[in-house]
Structures are given as structure tokens and as C-alpha cells.
Number of protein chains: 2
Amino acid sequence: MNATPKVWNTLQQNRSARLARAGQALGNDLNGKALPAARIKDLLHSVLECGDRVCLEGNNQKQADFLAQALAGLDPVRISALHMLQSVLALPEHLDVFERGVASKLDFSFSGPQAARVAKLAAAGKLNIGAIHTYLELFSRYFVDLPPRVSLVAAEAADRNGNLYTGANTEDTPAIVEATTFKNGIVIVQVNRVVDTLPRVDIPGDWVDFVVQSPRPYYIEPLFTRDPAQISEIQVLMAMMAIKGIYAEYQIERLNHGIGFDTAAIELLLPTYATSLGLKGKIARNWALNPHPALIPAIESGFVESVYSFGSELGMEEYIRARPDVFAVGPDGSMRSNRALCQAAGHYACDMFIGSTLQIDLQGNSSTATLGRIAGFGGAPNMGADARGRRHASPGWLKAGREARGRSNAIPRGQKLVVQMVETFREHMQPAFVEKLDAWELAEQAGFAIPPVMIYGDDVTHILTEEGIANLLLCRSEEEREQAIRGVAGYTPVGIGRDKRMVENLRDRGVIRRAEDLGIDKRLATRDLLAARSMKDLVRASHGLYDPPRRFRNW
Amino acid sequence: MNATPKVWNTLQQNRSARLARAGQALGNDLNGKALPAARIKDLLHSVLECGDRVCLEGNNQKQADFLAQALAGLDPVRISALHMLQSVLALPEHLDVFERGVASKLDFSFSGPQAARVAKLAAAGKLNIGAIHTYLELFSRYFVDLPPRVSLVAAEAADRNGNLYTGANTEDTPAIVEATTFKNGIVIVQVNRVVDTLPRVDIPGDWVDFVVQSPRPYYIEPLFTRDPAQISEIQVLMAMMAIKGIYAEYQIERLNHGIGFDTAAIELLLPTYATSLGLKGKIARNWALNPHPALIPAIESGFVESVYSFGSELGMEEYIRARPDVFAVGPDGSMRSNRALCQAAGHYACDMFIGSTLQIDLQGNSSTATLGRIAGFGGAPNMGADARGRRHASPGWLKAGREARGRSNAIPRGQKLVVQMVETFREHMQPAFVEKLDAWELAEQAGFAIPPVMIYGDDVTHILTEEGIANLLLCRSEEEREQAIRGVAGYTPVGIGRDKRMVENLRDRGVIRRAEDLGIDKRLATRDLLAARSMKDLVRASHGLYDPPRRFRNW
């Protein structure tokens, strides 16, 4: 028999103790849930405990930067060995916590701008990587085996009761706060302003413990803005092939685009080229996508019917507010995004994902991981994977499934289109096609169990380059697959190494299709086909509603 | 040039018109957002429009039954052709709306108790099925191409401002309300009581348009309760094989169980058999699962560390409240569930799904669809599918991936364990193994594009029967796979049709393992091994905190 009965509310007790310490540390400076910005380190020193799992809201876009800075400035003698949970590492402070010994472990999704420093700190033993995740996977673990003990998030505004208004950049906040609150953790939020009445409540006040008004508005990155002036004619040609050879053929109505000039070119060709093909109302109607400015002409022309978003995009606020039929806008008139739900939508409610990558190997595996950079993949693994739990049919999904099955006896099922769109050579004449991904060597360097692949070859259905489209669904062997890939790899060593006869055979069978096979006149592939050729054109198309960030204004 | 500029806020205008009509119809009976129950039909007649997409909260458990009844009683001359969106069709009223011509189209996930009537109404042309979905897929479409125009949901309580408290059965409500509110739809909620102060806010009041206090508390089904008295010794044996041959071998720490006596037996063997094997703290620690009463002994013994839930379970309220370290409990002390987030967790944060089915074919495809019943599959397709977007590693996931890859050159990747656990013969001596699924004929009858399969064979990793475990990961050809399945199919026609030599070879290679191959002494497979053998035992194990529904009390 046990003499002492098991205690079942250690989390509640621990939460109370933390709140009591905070009350003591802040004294009269704590006004309800609100504290002055100057006392933030005292709050963190009092509520944090060594070894805590701490979720710091680093999103794709908005950043809890004031809290990140405070955390990085803590005394490592008092607070150390934190286990950071973070979708995105974007700011120097996100790594400073490791450099300074405040934190030691990291589970994350994306570290684009900080990837080299992540690799360096990991090599130096200052940062122990738990794992790299796709966003929805990381959020999922917050609810199962990685509940945050303390979360540091960002919102637009709070009222006196701690109710939060996130505005259009809701992003990760609801998932983080829900996981923390309902495991008796502590939620601390930085807000741009404290007000009497919020436009609407995005997060209920009783899910929030502390509110601090940041000395400056949170930092936000216009990550999805692409200046049409930088779109090349090669990209126009590739966009034409995508529209005619894939969107039209599979009747893709619901979709997601990756970031980049390749897909921006497609967005800008919808009102022109796609409309000339009679595709309006037939393709690209419902989107799971951030409010890309390049989408404005397609929205204005009535091509795009709805857009549901992971986050928002700087400068698009007034445009969104004026187009409530298109975006997910609340009764207050402003948008709400939700990265968790939009990733679910990208996975389960879209027929196609199309995006770019840095390297593709002979099996079609692709990765943006390169040596000395531990970058992660954000949402791509989730969207660029066949949703095998999907059960509703659509014409494109059924057609892809039929093509994949061929004459085999396997039971019929559909398949998601996953398109990788790359020029054969990327910047600095680096070939996009390689015999072996850098991911292998990176895995060895960093001690990963397996190489960090962004999209696995068996999930990729099409590879599109300026040389044509390789339809991997129609390949019937590993060898055919390899030659189909070589066949669109142009003058890269991989392309030059093709078996010419086999590639011609694949072309005869329609596995490889060149622009001319698709009936595309390459002479039309000029920038004139773009519905907007500059940022100014986008502003004009928006009737002056789009307000691009300063760095994109060159007029 | 267009003479009339495009209107971009038709949804907002339409919402205002609906609210104005409701105000007019209800007059002084509308007190803020609250209306008397007697006026519910007037509200629905005024806010609904013919052809509306209407989301009616029919969950696995709680039901917006008062609103369902009101909807079914509307005048089909005034309101018709509604397009119903519903996770679960559980109540007669859910079909009455079609029978009476109020609704005509349906997108759904599960219709277990009403499956025969769904088939009948579909055949009669009164119900046009859009598609069958897995839950998370259906929610995803609410945000992309099927936003509800009007949603009818259920909550425990509301305050005067329309803030909602859902209590432990949060379930689908947040996803439905978010999709509706942020597309300028109308949200109507039935509550058990209107109070001054809520224990906590689960849904902000400004996401809610109308509140009606139902004349009786919402109906709720204790769907996940299994009386241990009904567990057979065969099920005990199968549970032993599962624990020793799968959970232990793959070190499964994070998992989801299907509903049924098979998995309840496993839950009840954790504190006894699994503990005797030294597995405590090594397997089955973190769960994505409803609060199954059969889990109580494993929780009490410290075997189970955390449970995150889709919904709650009747009678478990006080037990959950007293075990806040284990469940997702808020600062107010009661649980919050969330079906959307828990399905994401089941997909991305679990190493294993184990569940049962009605039929398995020779390729390992399984289905619960039978002739004359259009039942859907709920969450199983989502949980019983490899999460191909997953990127974090665990020992079991890596091992499954290695086994699947064998000596092939494919790039390393892990794989989720998906286990189908069935006795070779189910009720009425129907064989669980068949040459061809009934789903084929059902698809033809109902005009589906493809047969409704619950879990596809290429996602299934293990099939477990009283005859042993077939490890499909180790099969290297379609033929081996077929023989591995036949090899555990016992005396069913499929089992009798095995190639004896090939099956013995598969056993030698460890592809098939019998109880004796696993070192399991069948004589120990008695009900004595169950940690609880009756409902009374479960109550006792819970220290009187579990309060089973009346129908489960036989003392």
C-alpha cells in the first residue's frame, strides 16, 4: 500500500505558485492582468522555471518580438535550460536565448533567415534540436506530448479583462493559447495597445494571464509580397504551361500556392492567359492562401471567388476589408486568419499544391536543406503530401488517382496533385536537379535520424521546368520516373545524363510534355501577359486599396 | 467598361437583411441575442433562405437536438432545398429534414445509427449526397468551399452577451462557429442554461448571433463506454498480442484507440499484463482519445500520463476534474475538448492508430460499409492513414519505415503504425475477411465515384486476429501480402484458401507471428487479467468519481 496518495493536480498547484510569485514580484505594478513594459523581465524571472517548455510566438509573419527580446535578456543563472517551442525562428533574439544559455532545446518548423545560426549553435552544442516539423504537426504535439508551460504571444490589442483582438494576423495564436491554457500553463501576451472596447474578441480573456503593452507595435514581415517587375519571361512561360497543362487538365478549383515568383506569375496570368483559354469559373476558384498582393488582379476580374488564409499580409488590410465576399472577414469587417485551420484546409480541402524547391533528386525527392543551414520546411510537407485520409472526390483528384493506378488491380482512390515548379538552374547557376540531395550530408553533420526532405518523391505528381512537364503519375517504374525527371532537367548534369531514346518514348506517351506539345506558342510568353507588371500596377488594380510596404515602393 | 461596379459585400448585406428579418419577426421577444424557445421556428423561418448551406451540430456525442427538431418542423413551402453540413447524423430529425423536403443535399462524415435511412432516402431521390468525409476534412471544407450560411450549435451555457461555455463537450463547436462567423454567416446556439457568469468563455459572444435556452438539456450519447463484463477471453488474448507484439516492439508512446471491446481490452490490460512485462513508462503514455472509462485503471496506476480529447464522455466529468494533470483541463477545472485539433493530433502527433472494422479484403482494404447502409467513417480515415507530412522521428515510426523500405533504395522515411484488430468471425458468424468488400456494390447502388473504403490496404501496417499478427510492412509483393492476410484469417473461406507452404514461410520470416511465436502463454488469457471486470470495478477504480450512465448500471 502507498502511504502517500498520488497528487493529481501538480500542474494546477504549480500554476498557482507561479502566479503568486508574479504577484509578489510585481506588487502594485500589476493592474489586473496588465503590467508595465519595464517590468517584463521581472515577470519572466518570476513565472518561468528552469527546464520549462516555452512557446514563443514566432510566426511566419507577426512576431512576439518584445517578449523575445525580454526572454533573450534574462539572467541565465536564474533561468536556463528552457525548451523552446516555436513555429518560426525569424529574429536574432530567437537564437540569442540559446547563445546566452537561457534555452537549450528546440522543437520548430522553420528558421529560414536564421538557418545558418541554428546549424552553428547546434554544432557548438548550445542548441539541442528535438525535431523539425511541419506547422500543423508542431501544433498537434502541443496538445499531446509537448504542452507549453508558458506561452509568449502577440496580439493587436487587449481590453482590461485580457480579451484579445488579433486582427487579420491571428496566425498561430489560438492554437498556442488553447494548448497552454487547458494544461494549466501561463499565457503572456504583448499587445500594441490596450483599449476599452475591442473590435471583436479573438481570444477570450480568461485564457490569458498577463498583458503587456509593447513599447512599439510587433514586428511583421511581408513575406508573401512579390514585385511583378521581377518576374522573368521564363517564369511567364512556365506559368502558361502550369495553367494549360495542369490547372485546366485536372480542373483544379481548390488549391494552395507556395511562395515565390514562379507561382506569382501564375496568379498574374489568371485574368489574361487563363481567361483567354475560357478557364474563368472553371479553375482556381477557392484558395487556401495568404492574401498575396499578386492575387489582386485575379480577384478583381472575378476569377478568384474565395481566399482562406494562414496569416495576413502587410498592406493588404484595406483591400481585404473592401472585399469581404472573398476573404474570411468577421462582422467587425476585419479578417481572421488561423494557421492551424488553414493548414488543415490546405491538406484536406485542396486538390493541388504547387511550389518551388532548391534541389530535386532522381527519385523526385525535394529539399530546401543545404549544407550548414538547418532551415525546416514550414507548411510545405503538410500541403505537399497526399492527404490519404481524404474521402471526398473531385475531377482532378480522381483523374490523378486513375493515372497513378494505371492498369493495376489496386482499389480505386484519388490523389492530390503536388507540383514542383523549378527552373533547371537556380541562382548562381546552381542546378536544381542533383544526383543526391545535400540533405543527406546535412543529416550526417547534424545527427538527424533521416535526411530532412521537404516533399518526398512518391508524393510529387508533376515536375514543371522551362523544359516541360514531367507527369510522374504515369511512370510505371523507378527507371521511367528517373528518365522523366532527367527529361525536364535541361542542361544540368542530370538532364544531360538522360537516356535520349527513353525520354523520347516518354514524350510520345505524354509522360513528358514540352510547351509545343501543349500547344503553347512560346512567342506569347512575354511580360505583356502579366496582369500587373509592377507594384504600381497592383496598387492601381486594387483601386488604391493596397498599400505596399515602403521597401516595395519605387515610385 | 462596366456600367455597374461589382458589389463585394453581398454576404454582409445578406447577413444584415437576415438579422433585420429576425428582428422584425421576433419583435419584443428578442432580448439582446436571446429568444424564447417557443419562437425558435419563427427565428429559423426568418433567417433561413432556400438553398442555404446549414451546419447543424450533430457530433459524435452532444447533439443540437432542440434546433434539429425545430429545423425538421419547418414549413417546406417556405424553406426548402437546404444543403446540410453535418459531422454526424445521429437523430431521427437529422433525416426528417430530408423526408419532409426542407433539405435536399448532404455533406457529412458519419451516420452510424441512421445509415440505413440515409441509403433509403438517397435511393428515393430525397437526399443528394455531396460526399462522405473524415471529420477534419469536412471541417476543412467549411473554410474553403463549403462555408455554412447558418449554423445551429449546442453549448452548456451562455451569458447575456452570448459568450458560450461548452464544458467538456466542446467537440465541433469552435470550428463550426469560426467558419460561419468569419464568412458573415449566422450562428444560432441552443444552451442548457443562461447564466450571469460563465465558468469560462469557450466561444466569444460576438461570434454568436442568437441564443435560445432549450426546454431540456441537449442530448448526449455515451458512445465510448464499454462494459468490461462483456470482454471475452479471445479479446484478452488479442490484447496480449497487441501489447507484446506491437506496442512493446515499436515502443508506442503516443497513440489513438478506436472504439470497441477489442481496444477496451488493451486499455484494461495495461496495469496488469503490460506492467508485468515492465512496460510502464515505456508505452502508451500520451493519448489522443476521448476519456474512455476503460482507461481509468491505467490512469490510476500511473501508466497513462496524458489524454487529449475530441469530446468528453458522460459520467466522466468528476473523474476528469479530479485528474487535471492527465486531461486538458482549464483554470476553471473543467475539460475542454476540440475535435478539429484532436483529429490533427491523432494524425500528426501519434505513432499508432489501432481500431476495428467489419470487412478486410485480400489487399488489406477495410470498410464498415455494408449493403443498404451509407454509414461513413468518422475519424478513422484521418487517424488510420500514414501522415506523409510528418517530419519528426520516434523509434516506432522509424522502425516501421525501415521495415517497409526493406532493402530498397528509396530515401529513408518513417511510417505510422495502423493496426486493424478483428476476430476472424464477427457477429452472426460473418467472416471479417472477404474476397471483395461490400463497398464495391454499395458504390454502384449509391452512384459513388469510388467504393467507400475506411482504411486503404497500403496504409495498414498490421492485421491482428486471434490467429496472430500479420506484419504487412514486411511483405515484399502483392502475393505475400495476400498470403499474410490469409494466414491470420483462420477458418474463414479466405483463411482456408491460403497457400500453406507460403504461409509457413511467412511465419518463419516473422511476417506472421502466432501467440506462441510471441512467447504468450494462452492459458493466461483469461478475464482475470483485466484490471476491471465490470462497470462496478471501474467505479471502484475511480474512487467513486466515475458516474456511469444508468443503462450501464446493473447493480
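Every number in this text was worked out from the coordinates using simple rules, so none of it is lab data. Keep in mind that this is a model prediction, so the values were computed, not measured. Here Cβ is always computed from backbone atoms with ideal geometry, including for glycine, and neighbour counts include all displayed protein chains.
The overall shape of segment A:134-192 is oblate: from the C-alpha gyration tensor, with semi-axes ordered a ≥ b ≥ c, the ratio a/c is 1.5 or greater and a/b is no larger than b/c.
In percent, rounded to a whole number, the relative contact order of segment A:257-410 is 19, using alpha-carbon pairs under 8 Å and six or more apart. Shortest first, A:Thr526 label-point distances to identical copies amount to 9.0 nm, with the label point at 7 Å from Cα along Cα→Cβ. With the Cα gyration tensor of segment B:228-536 giving a ≥ b ≥ c as the square roots of its eigenvalues, does the rule (a/c under 1.5 for rounded; else a/b larger than b/c for prolate; else oblate) give rounded, prolate or oblate? Cα axes put segment B:228-536 in the rounded bin. A cut-off under 12 angstrom between Cβ atoms defines the neighbours of B:Leu71, and their net charge, with Lys, Arg +1 and Asp, Glu -1, is -4. When only alpha carbons are used to place a centre, segment B:12-50 and segment A:1-60 end up 45 Å from one another. Where does helix A:478-487 land angle-wise versus the long Cα axis of chain A, in degrees 0 to 90, nearest 10? Computed tilt is about 80 degrees.
Sparsely packed loop sites in segment B:388-455 (the trypsin sites (Lys or Arg not before Pro) outside DSSP H, G, I, E and B with at most 16 other Cβ atoms within 10 Å) comprise B:Arg407, B:Arg426, B:Lys436.
Remark: B:Met429, A:Met84, A:Met316 ranked as B:Met429, A:Met84, A:Met316, counting other beta-carbon atoms within 10 Å and listing the fewest first.
From Cα pairs below 8 angstrom and at least 6 apart in sequence, can you work out the relative contact order of chain A, rounded to a whole percent?
Relative contact order comes out at 14 percent.
Mean separation of Cα pairs under 8 Å and 6 or more residues apart, divided by the residue count, gives segment A:11-220 a relative contact order of 22 percent. The Cβ shell under 11 Å around B:Gln235 holds other residues with a net charge of -2, Lys and Arg each +1, Asp and Glu each -1. Computed over the alpha-carbon pairs of segment B:272-321, the distance histogram in 5 Å steps reads 5, 20, 32, 23, 12, 8, 2 percent, short to long.
Arranged by the count of other C-beta atoms within 10 angstrom, fewest first, what order do B:Ile455, B:Ile450 take?
Lowest count first: B:Ile450, B:Ile455.
Using the Cβ of B:Ala410 as centre and a radius below 12 Å, the other residues enclosed give a net charge of +2, where K and R count +1 and D and E count -1.
Taking other C-beta atoms within 10 Å as the exposure proxy, A:Asp386, B:Asp537 rank B:Asp537, A:Asp386 from fewest upward. A DSSP coil position with no more than 11 other Cβ atoms inside 10 Å describes the following trypsin sites (Lys or Arg not before Pro) in segment A:1-105: A:Lys6. In this rough spin-label picture, where each label sits 7 Å from Cα along the Cβ direction, the A:Gln24-A:Arg533 distance is 7.0 nm. The angle between the Cα long axis of helix B:10-26 and the longest principal axis of the Cα atoms of chain B comes to about 70 degrees, rounded to the nearest 10. Please list, by residue number, everything in segment B:220-251 whose backbone N is under 13 Å from a paramagnetic label point 7 Å out along Cα→Cβ of B:Trp555. Once the point is set 7 Å along Cα→Cβ of B:Trp555, B:228-229 turn out to lie under 13 Å by backbone N, inside segment B:220-251. Rounded to the nearest 20, the Cβ-based charge dipole of segment B:33-213 about its Cα centre (Lys and Arg +1, Asp and Glu -1) stands at 380 debye.
For the protein assembly as shown, rounded, prolate or oblate, judged on the Cα gyration tensor with a ≥ b ≥ c (square roots of eigenvalues), a/c < 1.5 rounded, else prolate if a/b > b/c? Rounded, since a/c falls under 1.5.
Antiparallel beta bridges, as assigned by DSSP with both residues in segment B:33-213, represent about 10 percent of the total such bridges. Could you work out how far helix B:339-348 tilts from the main Cα principal axis of chain B, as a 0 to 90 degree angle to the nearest 10? Between helix and principal axis, roughly 30 degrees.
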